[in-house]
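What follows is a single structure, written as structure tokens, with notes after it.
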Amino acid sequence: MNKTSGWVDEVLSEVAERNPGEHAFHQAVGEVVPSLEPVMDMHPEWRASRILERLIEPERIVSFRVPWVDDAGEVRVNRGYRVEFNSAIGPYKGGLRFHPTVNQGILKFLGFEQVFKNALTGQPIGGGKGGSDLDPKGLSDLEMMRFCQSFMNELFRHIGPDTDIPAGDIGVGGREIGFLFGQYKRLTNTFTGVLTGRSIEWGGSLIRPEATGYGAVYFAAEMEAAHGGTLQGRRCLVSGSGNVAQFAAEKLLDLGAVPITLSDSSGFIVDEDGIDRDKLAFVSELKNVRRGRIHEYAEKFRTATFTPVDRDSDRNPLWSTPADAAFPCATENEMNGVDATRLVDGGCRLVSEGANMPVTPEGQDVLRERGVLYAPGKAANAGGVAVSALEMAQASSRSFWSREEVDRRLHAIMKDIHGNCLEAAEAYGRKDDYMDGANIAGFLKVAKAMQDQGVV
Ligand code: NDP
């Protein structure tokens, strides 16, 4: 959107050359570098010490074999990874993703985003990401346990409560964190805060499951308030039906908005009557317990329609549903330029990203050019990792905060992130642009720390 200079083009072409085939990573870096140009102009010393070039290069990547035995007695082999991206402001922190599309490039994109996001939370946490190309669909509990144990048999030597603290992401929820933690504890004979997203009974924090979805809605409410509006009565599109989507929908209901869609990789439902709390409880049971498909919603509630979606199509018709606001909470690149155009044509004036990089660069251009209030994931979905940091603080001080206390802190953090994005954008001549603001505010914190710590 901003006109780019020779410097930006140079950095991006070097990234493409040094990281061949890692398109999602190129895209993630490409979203950040143009925002940083005015910052680098003001800090020639950071150009000289090659802060950005160092920040783009992960500090360490480990990749390993994950062999395991399925219920039929067959040996299966997957690949595991941990990308330890940047530890300038604290130990590496970021989720684990189990999904067949996982590869090094995807995890580098997610790790890179995580560095900025974690800095934005104001908590002392660096950025990392990991996972496996495992397809969890259809696995029994015992198969998932054996997989997690094998995965941890290698991962445990690279992580630790002061080194690297993984959490959940797509395909890794409470069940998987339990299996991973159990194996880590057995291997190291320690009970430490090495993973977050733990169950309340063994060191978790209240509100951690809710935090990402709640935070994306708190951020949206802040954007509305800063522009004289409110979420009250707004009809909202939510994509996905996993952890982030479910709790985004719940918080929308709390704030008087009306969520009308949910999706999974097979298609989406539209419920023009609104997805109320009873319907949401059905979704929670469907997805978290029965691990079923979203079309069952439309079979249960006759007010809804289900539309199957072809995964290879270059359109996502969910975004053609007329609405006031959108919360993409499924996965990367789920809204392209055409989708964004249809979304805005349908009346949408606000987009808050629960997922990581759900809008393509073309989609972002449409949203920004047409004046939509647009919050990138690194700001809007930072609530999850922020409460992970609160979980770490509670674990290390052996304290336990009430639901209200954690929610109050989450809300305050999201307000701060919102304010810091606006402030940074204005300070560097990009007033009211949340994307530039998030990139600049996150970068400033990490860059200052890197400069202080010398060339390492
Ligand atoms: P879940 O696994 O709980 O849910 C993911 C949802 O997205 C499911 O409905 C899934 O459908 C759908 N989905 C996944 N891949 C695709 C695809 N390729 N095409 C269409 N739909 C897809 O994950 P989360 O809710 O935890 O994560 C969702 C997003 O939020 C991700 O981008 C994640 O990185 C991001 N995020 C998550 C955080 C967290 O705290 N959990 C923190 C910050 C960001 P299906 O079941 O059919 O695959």
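Compute the signed sum of charges (Lys and Arg +1, Asp and Glu -1) over the other residues within less than 10 Å, Cβ to Cβ, of Glu210.
Details: positive: Arg208, Lys251, Arg403; negative: Glu250, Asp407.
Its environment carries a net charge of +1.
Can you pick out the pairs among Lys117/Lys251; Lys93/Lys185; Lys300/Lys378; Lys137/Lys251; Lys287/Lys445; Lys129/Lys287 whose Cα atoms lie more than 26 Å from each other? Could the numbers behind the result be given before it?
Working: Lys117/Lys251 21 Å; Lys93/Lys185 19 Å; Lys300/Lys378 35 Å; Lys137/Lys251 28 Å; Lys287/Lys445 38 Å; Lys129/Lys287 24 Å.
Check vs 26 Å cut-off fails for Lys300/Lys378; Lys137/Lys251; Lys287/Lys445.
How large is the Rg to Rh ratio of the chain when both quantities use alpha carbon positions and Rh follows Kirkwood? Intermediate values should be presented prior to the final figure.
Working: Rg = 20.9 Å, Rh = 22.1 Å.
Radius of gyration relative to Kirkwood radius: 0.95.
Of Gly347, Met335, Gln394, which is farthest along the charge dipole of the range 310-414 in the positive direction, counting Lys and Arg as +1 and Asp and Glu as -1 at C-beta?
Value computed over the given set: Gln394.
Calculate the dipole size of the range 211-375 relative to its Cα centre from +1 charges on Lys and Arg beta carbons and -1 charges on Asp and Glu beta carbons; express the result in debye to the nearest 20.
It comes to approximately 300 debye.
For the chain, with the dipole built from +1 on Lys and Arg beta-carbon atoms and -1 on Asp and Glu ones, taken about the Cα centre, which of Val359, Ala424, Tyr218 lies farthest toward the positive end?
Tyr218
So what's the back-of-envelope 222 nm ellipticity for the chain, counting only DSSP H runs of four-plus at -39500 (n - 2.57) apiece and dividing by all residues, rounded to 500? Could the numbers behind the result be given before it?
On the way: 17 runs with 216 residues, N = 456.
After summing the helix terms and dividing by the residues of the chain, the value is -15000 deg cm²/dmol.
Which order results if Arg47, Arg208, Arg97 are arranged by neighbouring Cβ count within 10 Å, fewest first? Walk me through the numbers before you get to the answer.
Working: Arg47 13, Arg208 27, Arg97 24.
So the residues, fewest neighbours to most, are Arg47, Arg97, Arg208.
Just how large is the dipole of the chain about the Cα centre, in debye to the nearest 20, putting +1 at every Lys and Arg Cβ and -1 at every Asp and Glu Cβ?
Details: 50 positive and 64 negative charges, 225 e Å.
Charge dipole of the chain: 1080 debye, to the nearest 20.
Where a number appears in this text, it was derived from the coordinates with a stated rule and is not lab data. Note that the structure is a prediction, hence the values are computed from the model and not measured. All Cβ positions, even for glycine, are placed from backbone atoms using ideal geometry, and neighbour counts span all protein chains on display.
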